[in-house]
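The values are calculated or read from the model by the stated rules, or taken from the named source; none is laboratory data. Computed from a prediction, not measured in an experiment: that's the story for all the values here. Cβ: placed from backbone, ideal geometry, glycine included. Neighbour counts: every protein chain shown.
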Amino acid sequence: MRISRGSAIVCILFGLLVATARAQRSPGGSSIQRAEVERHAGYGALSEAEWDSVNGYHPPSLSASSIASLRSPSRNPLADCTLDRIVFGWSPSWVGTAYKQYDYSLLSDVCYFSYEVDPNSGSYTTVGNWKTTELVPIAKAAGTRVHLCATLFSGHTTFLGNSASKSRMIDSLIALVRLRGADGVNIDFEGMPASVRGSFAQFMIDLSTRLHKAVPGSRVSIALPAVDWSNVFDVALMAPHVDLFLIMGYDYHWKGADQAGPVAPKNSGSLWGSIDVTRSVYSYLGRGVPASKLCLAVPYYGYEWPTADSTAGASAQGAGVSVTYATAKQNAAALGRRWDIHSSTPYYVRKADGDPLWKQTWYDDAESLGLKYDLVLTKNLAGIGIWALSYDGTLPDLWDAIESRFTGCRASACQGTLTDIGGPTGNYVDNDSYTFTIAPENAASVKLSFYSFSIANDRLRIFNGRDTLAPLLGSYTGEANPGTVTASSGAITVKFTSDSAKNSWGWVANWSCTSKPQGVGEPGDAASPSLRIEPNPAGTSTTVYYFLPSWGTVELGLYDLLGRRLAVLAQGKRDPGEYRAVVSRTALGLAAGSYLVRLTVAGQTVTQKLEMR
């Protein structure tokens, strides 16, 4: 399924988030990063080979040719699976050389974790194996940017109150980035008091200014808490200087929570209060982080809590224990995976013979992460982050979830469920406006069937095409269920707007499509290659959609009116299906005017005229 999104920013009152929290992380609660740093510190300073031994990991050998092959998408070599969003993954020092099995074709950025800051001096107490790790050359050979993460979990007032310490840390980071030819620095300072709000923002501005000057093209990013309990992150002040903000969209229920519950609830529904991933995203957008600089980081882990009973959200009878995704998936398969509709996350329960307590494990899998990825697309965010790489072992499904949302190889499923931003059991938010499109590959029509609908005096508009310029199929408000709406174009676009007067539970709808048979039909239908350009006429850029009825070698080119080729837009072997290519007049150095787009495949040629203004 190809999904495009547009969005407008809405502000959610931060105080409302804090006041209505339920059983979720409190100020000073130990984050997953801090807990794992402290746990692994007990092993001492180990080499990567020693970490491999501790983890029972046997790394593959990588030749020069196999490293070079990482530059190209390896999951579907016949298709254009290039990332079109940021995928930023943290790689902890304690995973040893597990980085040799990352799918770099689906990683835009990898971040080594971590430079542990000494608050008294600004130097590091450890930087792991950063100076020697092969992660750096392997990632860079694959075209993936490399960053160094700096962490500080206590002593913030001491550090931020000492100008010499701050300057020394910046000097050290610049030297370490230059040492490995890396691309940037990520800052993860957690548990800071409100008193350092101004000094921390200024430190981030100084770091950004100096690193950008010392290492041209470098990037500075920052990890943000899911909820800024102390209002310590002045994101509006930092936004012009910091290149990327990553919401740590997890630990909503942390190891010390008083009830078991979702680690990363997409929505709260009627069970989990009003703090969730969606509201975290909306909050930071409303506080001034541009969508183009905001990423949602997701968990590749969960927590197992001892509980009084097997009921979802039962009282915790002790601290939770972190569980990697690889372990959680295996256990869920054996014990029975359950689904919580309120948070859109999975969990499982177990009870050992003779044990008076139950165990509840809440985690995220490809389905729940995919729904959060849809949120990223809905709000047109820069991309996602991952805590932490390798926690999925060698399983492919979480990589598949990334590929299906953030590359040109989006999944072509002909069915799904569509809800408002509040999820299937929760309300949407006030003052919202967003647009989303469902356009399955090869679809002849798309059908949207509503079985729940209530939007007060707000407005839902549905269009027969890929954007809001397409013909309007209907405009709906109140509680009058639209029933079934069918888009005959093969794509359907929904635009929703809400005001501040009143909101409601929104809607739940199933969507499905009908497909044209491939290899059968009349000229011009799905049996023949075709082109579609939207918009056309266009401004400085447009998108060319080209359909292939069968496997073949493709050349898609841009020509002037005399037939001279100006640019190759796509070239190579392709599976059957619809693909896209962006034409940017600015990037190609072209003047406004008339051009030809020509598709050649299997001896057939299709040409369309393109007007660019």
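Looking for something under 24 Å from the mean Cα position of the chain (by Cα), assigned to a loop (DSSP other than H, G, I, E, B) and under 27 Å from residue 185 (Cβ atoms) - is there at least one such residue anywhere in the range 290-308? Yes, that holds for at least one residue.
When the range 382-410 is filtered for residues that are surrounded by 20 or more Cβ atoms within 10 Å (Cβ to Cβ), closer than 23 Å to residue 440 by Cβ and among the hydrophobic types (A, V, I, L, M, F, W, C), the ones remaining, listed by number, are 384, 398, 401, 402, 406, 409. The residues of the range 110-143 that are basic (Lys, Arg) and not in a loop (DSSP other than H, G, I, E, B) amount to a single one, 140.
Any idea which residue in the range 254-289 is surrounded by the fewest Cβ atoms within 10 Å (Cβ to Cβ), counting only those that are aromatic (Phe, Trp, Tyr) and assigned to a loop (DSSP other than H, G, I, E, B)? Residue satisfying both the conditions and the ranking: 254. Quick one: is residue 369 of a type in the set (A, V, I, L, M, F, W, C) and either farther than 15 Å from residue 263 by Cα or surrounded by fewer than 22 Cβ atoms within 10 Å (Cβ to Cβ) (or both)? When the stated conditions are applied, residue 369 does not pass them.
Set side by side, the residues 344, 292 differ, and just one is in contact (Cβ under 8 Å) with a residue 24 or more places away in the chain and either farther than 17 Å from residue 385 by Cβ or surrounded by 16 or more Cβ atoms within 10 Å (Cβ to Cβ) (or both), which is 344. Of all residues in the range 313-322, those satisfying the criterion of being buried (at least 19 other Cβ atoms within 10 Å of the Cβ) and modelled with pLDDT of 95 or more are 314, 316, 320, 322. In the range 63-78, the residue that is farthest from the chain's Cα centre (by Cα) out of those that are surrounded by fewer than 18 Cβ atoms within 10 Å (Cβ to Cβ) and either modelled with pLDDT of 90 or more or not in a helix (DSSP H, G or I) (or both) is 63. Flag: residue 474 does not match the condition of being part of a loop (DSSP other than H, G, I, E, B) and surrounded by fewer than 16 Cβ atoms within 10 Å (Cβ to Cβ).
Restricting attention to the range 383-428, which residues are of a type in the set (A, V, I, L, M) and either closer than 21 Å to residue 326 by Cβ or touching a Phe, Trp or Tyr at 6+ places or on another chain (Cβ under 6 Å) (or both)? Of everything in the range 383-428, those that are of a type in the set (A, V, I, L, M) and either closer than 21 Å to residue 326 by Cβ or touching a Phe, Trp or Tyr at 6+ places or on another chain (Cβ under 6 Å) (or both) turn out to be 384, 386, 388, 389, 395, 398, 401, 402, 418, 421. The single condition among (1) under 22 Å from residue 82 (Cβ atoms); (2) surrounded by fewer than 17 Cβ atoms within 10 Å (Cβ to Cβ) that residue 608 does not satisfy is (1). Restricted to strands (runs of 3 or more DSSP E) entirely inside the range 549-613, those with at least 3 residues that are among the polar types (S, T, N, Q) and in contact (Cβ under 8 Å) with a residue 24 or more places away in the chain are 604-612. In the range 353-373, the residues that are within 17 Å of residue 311 (Cα to Cα) and among the aromatic types (Phe, Trp, Tyr) reach residues that are modelled with pLDDT of 95 or more and in a helix (DSSP H, G or I) with C-beta atoms within less than 6 angstrom, at least six apart or across chains, in these pairs: 363/328. Annotation for the range 228-249: no member residue is among the hydroxyl-bearing types (Ser, Thr, Tyr) and crowded, with 22+ Cβ neighbours inside 10 Å. For the range 461-471, the criterion of being touching a Phe, Trp or Tyr at 6+ places or on another chain (Cβ under 7 Å) and assigned to a loop (DSSP other than H, G, I, E, B) is met by at least one residue. Residues that are of a type in the set (D, E, K, R) and touching a residue at least 24 places away in the same chain (Cβ under 8 Å) were ranked within the range 201-220; the one that is farthest from residue 294 (Cα to Cα) is 210.
For the range 189-234, the tally of residues that are under 18 Å from residue 146 (Cα atoms) and hydrophobic (A, V, I, L, M, F, W, C) stands at 7.
Can you name every residue in the range 513-531 that is crowded, with 16+ Cβ neighbours inside 10 Å and modelled with pLDDT of 80 or more? 513, 529, 530, 531 - these are the residues of the range 513-531 that are crowded, with 16+ Cβ neighbours inside 10 Å and modelled with pLDDT of 80 or more.
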